[in-house]
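Heads up, the thing below is written out as structure tokens.
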Amino acid sequence: MKYEIALNGRSYEVEVEVSRPMAMAEFAAYQPAAPAEPAVPAPAAPAAPAFTGDGEAIEAPMPGTILKTLVSTGDTVKSGDVLVILEAMKMENEIMAPRAGRVTQLAVSKGSTVDTGDLLLVLA
């Protein structure tokens, strides 16, 4: 059967093939043809830097991308200072210092992708 469909001001001709109905058992057992070539596995993402030294590890609360790091190794911060801006689901999230201290390790940089629990920085 041929149909003419209008979509966004353009006209399209569509041909529909009628076939026999498929029972639910047949549908559940249906397996599409396997791909011609096996898929090549994607390369593994580099491991996140490990927590080194003394201090409190500040971890990513959610997966996302680092938009900006506002501190460097050696900087002194106060409680509530913004350390990193993390983009997740098109929202900018400010990661703040839970207490005063000194940044002893910065594990991320602008553009880094992080997962929940990945190390962002260490605060001593």
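Rule-based calculations on the coordinates, nothing more; no lab input. This one's a predicted model, so the numbers in the text were calculated from it and none came from an experiment. Counting neighbours? That spans all protein chains shown, and the Cβs are built from the backbone with ideal geometry, glycine included.
Extension gain for the segment residue 67 to residue 124, taken as residue separation times 0.36 nm less the Cα-Cα distance, is 18.2 nm to one decimal. Between amide H atoms placed 1.01 Å from N, distances below 5 Å from residue 81 occur with 97, all of them 5 or more places distant or on a separate chain.
Summary of packing: across the peptides 87-98, 5-16, 104-115, the per-residue average of other C-beta atoms within 10 Å ranks them, highest first, as 104-115, 87-98, 5-16.
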